[in-house]
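*Asks:* Sharing a structure below in structure tokens format, with a few things to ask.
The values are calculated or read from the model by the stated rules, or taken from the named source; none is laboratory data. All figures in this text were calculated on a predicted structure; none of them were measured in a lab. In this analysis, Cβ positions are derived from the backbone assuming ideal geometry, glycine residues included, and neighbour counts consider all displayed protein chains. Just the protein is used for accessible areas: all its heavy atoms, side chains included, with ligands, DNA and RNA removed. Shrake-Rupley method; radii C 1.70, N 1.55, O 1.52, S 1.80 Å.
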Amino acid sequence: MIKFDQKNSIFYLTTKNTSYIMGVLNDTVLTHLHWGGKIAHIDSIETVITDAKRGMCAASKRLDLGYCEDVIPLEYSPYGTTDLREPSLVLRYADKSAVGDFRYAGYEIVEGKPALCGLPSTYCEAGDSVSTLIIKLEDKLNGINLYLSYSVFDEYDAITRSVRLENVSDAPVEIDRIFSANIDMRCLDFEIITLEGAWCRDRFVHKNSLLNGNVSISSMRGVSGHNRNPFFALADKNTTETQGEAYGVSFVYSGNFEGGVQKDAFNSNRVYIGINSTDFSEVLNAGESFTAPEVVLAYSDEGLSGMSRIYHKLYRERLCRGIFRDKERDVLINNWEGTYFNFDDEKIVNIAKVAKEMNLDLLVLDDGWFGVRDHDRCSLGDWVVNLNKLKGGLDGLAKSINDLGLRFGLWFEPEMISEDSDLFRAHPDWRMPSGKVTPSPSRWQYILDLSRKEVQDYVIESVCAVLASANIEYVKWDFNRNMAEIPYGGTYKYIVGLYRVMEEITSRNPNVLFESCASGGGRFDPGMLHYMPQVWTSDCSDALERLSIQYGTSMCYPYSTMGAHISAVPNHQTRRTTPFGFRADVAMVGQFGFELDTTKMTEEELQLSRDAVAKYKKLREIFHTGDLYRLKSPFEGNTVALEFLSQDKNKCVVCYYVERCHCNDACELIKLHGLDANGVYRVEDTDKVYGGDFLMKYGLDFDPNMDYKSEIVVLIKE
Ligand code: DGJ
């Protein structure tokens, strides 16, 4: 997996289908040679770096070759050299200089993958074929060591990167920027695919050509955000969902990030991602070290779906943790859209009684159970049950729900504080920022300063105390505003504090399933998934919108991580009315549930619900562990098709959806992928059979002549 060709000073990192290759030029400068399809051998670094001398570029003092660092592909590029592109690292030394002189200083290969201290990351388990290369760059001028780590997940076909900085001088140094990856990729005519949107319009797929200059994505919201996800893909213009080369870059971090591509005058693409440097500043004292979050790289020559499949498997199996990672999860009823703040225990128990008749497993009590919270202007921080609403307390309610044969789950928003709360009255300085700046409210609420240990401890103890007070087996962990007016450098410190809080609470409560949420998908990122294996995908529960939201999300994240519920019609966000079957078929590919007042459902709807739950329970394994092929995109037409294929190719499920039909439209042939070409597949419970080759080369016919139509076809190999 990791090989060093000493003679030519070339590192080869190899996974099942990928090569990542670097060379040490003149024993000094670490260059990037290749990321993509497998290459067994490169004769010499010069075979790749042919274009190293240019007018108007300074020849590097680190290279006796007359080469310009400004035009050669570099593996990491600290500020202060003759490379004048986007720097990966900006440090300010005690003498005010920012000029570094990092030179290659050796490497180490370790079996497995060391943990990233205090940060979320992918991991390996005993028996996994994973090893890690750590390359050391040394700046003797300033007494700084830089360690670039590459973990090679052979079977998972992925490479992860991270960066550690060590101050071995006797003076402090200020870190103004530390990106987690830099890859200089040469001469490809790329498009960049990003996931963008807004609240309730999370992660729509956008494709843009690269420009000369910078194309970038970022968040300054204190969360990874609804507007842009910390993920992008690069793909050749001819790459489709199922063919061609695609390169994915995914950042395992939940706060402010920046990433993008800088295309230079010689068609080199500098690809980078890391913590957003606009408001980042950390002081590294003598003897201290700093680790930047992880980046996960996935390359596929089987199109964008091929790239997604790499992320899906890795994130499902080696990013998510805990007992729920491999478990089929409960089908839940959440009362939020059913009651909002207007409920008491009798109402909730009645909702649960009907939920039991629908064969659901878990009732989740959403916002409004604590303090005096009958609206969203108060009580955040006071995690004490409201006995006017829940007369038997949480314990009494949990028991009533359990007696009905359902599990009980609870909503929290632990990172927030309302001005009208006992917590604020006791600790006004725990609100962020404290001091002379009065922060602006958003949804009438403020953020607790999780960079402070005593505030972290309060959150840990108060949430754990509630969890210990009743039989609570699920938590929805919400976060309903962006950060603003934060002291410089504060958002990073906050996120590290949050990670400590989540690590502590989730490890103290291993039998509780945690689902994260930030006004829906405002923090749908790999960092959160490391602590909580599923996310409430969006505050928009409209099935038509969810088709796009879930499709976009699946670029990087598996359907097993997406909370997806049937809600009432007309939908509360769009006022749209869609048929029950459509709502069910859209939601059931994710972690399925209901988000409505069950007591208001008709007999017919109850029967449809039971049918949907039974169908989901039959299909969820393949939706959540099968290989995904996206066959028709909601961003490119009025129909959507998804194929889920079991690992052994014996079962294939095709989900076909029509948004709005065009009148008298032709039938649509959808070609399937990945099947056994020689196999015979039967449509379940029918006598219709097809050859695998027929399904892949000719296709399966679907009739798009109805609004909000959905069809789920199950094919079983005979
Ligand atoms: C935002 C969430 O996304 C909703 O599902 C709900 O939990 C509300 N917050 C409650 O305030």
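*Asks:* So which pairs qualify, if the first residue must be in region 363-384 and touching a residue at least 40 places away in the same chain (Cβ under 8 Å) and near the ligand (Cβ under 10 Å from one of its atoms), the second must be among the charged types (D, E, K, R) and part of a loop (DSSP other than H, G, I, E, B), the Cβ gap must be under 6 Å, and the two must be at least 6 apart or on different chains?
*Replies:* Cβ pairs passing all conditions: Asp376/Arg443; Leu380/Glu413.
*Asks:* Is it fair to say Asn359 is of a type in the set (S, T, N, Q), under 25 Å from Val535 (Cα atoms), more than 16 Å from the ligand (Cβ to nearest atom) and open to solvent by 10 Å² or more (accessible area, probe 1.4 Å)?
*Replies:* The answer is yes for Asn359.
*Asks:* Please work out which residue is nearest to the ligand (Cβ to nearest atom), limiting yourself to region 501-559 and to residues that are among the acidic types (Asp, Glu) and surrounded by 24 or more Cβ atoms within 10 Å (Cβ to Cβ).
*Replies:* Looking at the filtered set, the residue picked out is Glu515.
*Asks:* Do you know which of the residues in region 1-52 that are in a strand (DSSP E or B) and of a type in the set (Gly, Ala, Ser) is nearest to Gly106 (Cα to Cα)?
*Replies:* Among them, the one singled out is Gly23.
*Asks:* Could you check region 672-691 and list, in sequence order, the residues that are buried (at least 16 other Cβ atoms within 10 Å of the Cβ) and not aliphatic (A, V, I, L, M)?
*Replies:* Correct list: His673, Gly674, Asp676, Gly679, Tyr681, Tyr690, Gly691.
Quick grid of which residues meet (1) within 30 Å of Cys57 (Cβ to Cβ); (2) open to solvent by 10 Å² or more (accessible area, probe 1.4 Å); (3) among the aromatic types (Phe, Trp, Tyr):
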| residue | (1), (2), (3) |
| --- | --- |
| Thr240 | no, yes, no |
| Gly255 | no, no, no |
| Gly260 | yes, no, no |
| Ala265 | yes, yes, no |
| Ser281 | no, yes, no |
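Yes or no, residue by residue, for (1) in contact with an Asp or Glu (Cβ under 8 Å, 6 or more places away or on another chain); (2) crowded, with 21+ Cβ neighbours inside 10 Å:
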{"residue": "Leu380", "(1), (2)": "yes, yes"}
{"residue": "Lys391", "(1), (2)": "yes, no"}
{"residue": "Gly396", "(1), (2)": "yes, no"}
{"residue": "Glu413", "(1), (2)": "yes, yes"}
{"residue": "Asp422", "(1), (2)": "yes, no"}
{"residue": "Pro428", "(1), (2)": "no, no"}
{"residue": "Lys436", "(1), (2)": "no, no"}
{"residue": "Arg443", "(1), (2)": "yes, no"}
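*Asks:* Within region 483-500, restricting attention to residues that are part of a loop (DSSP other than H, G, I, E, B) and buried (at least 20 other Cβ atoms within 10 Å of the Cβ), which residue is nearest to the ligand (Cβ to nearest atom)?
*Replies:* As a first pass, look at region 483-500 and keep what is part of a loop (DSSP other than H, G, I, E, B): 483-489.
In the following step, the residues that additionally are buried (at least 20 other Cβ atoms within 10 Å of the Cβ) were identified as 483, 486.
Numbers: Met483: 16, Ile486: 21 Å.
The extreme case among them is Met483.
*Asks:* Can you find, within region 155-174, the residue that is most open to solvent (accessible area, probe 1.4 Å) among those that are more than 30 Å from Glu317 (Cα to Cα) and part of a strand (DSSP E or B)? Working first, answer last.
*Replies:* First, pick out the residues of region 155-174 that are more than 30 Å from Glu317 (Cα to Cα): 166-174.
In the following step, the residues that additionally are part of a strand (DSSP E or B) were identified as 166-167, 173-174.
Details: Glu166: 45, Asn167: 1, Val173: 5, Glu174: 61 Å².
Filtering region 155-174 for residues that are more than 30 Å from Glu317 (Cα to Cα) and part of a strand (DSSP E or B), the one most open to solvent (accessible area, probe 1.4 Å) comes out as Glu174.
*Asks:* Answer yes or no as to whether Phe635 is part of a helix (DSSP H, G or I) and either aromatic (Phe, Trp, Tyr) or at pLDDT below 95 (or both).
*Replies:* Here the answer is no, as Phe635 does not meet what is asked.
*Asks:* Another question about this same structure. State all residues of region 313-337 that are away from the ligand (no atom under 16 Å from the Cβ) and open to solvent by less than 10 Å² (accessible area, probe 1.4 Å); if no residue qualifies, say none.
*Replies:* Leu314, Tyr315, Leu319, Cys320, Val331
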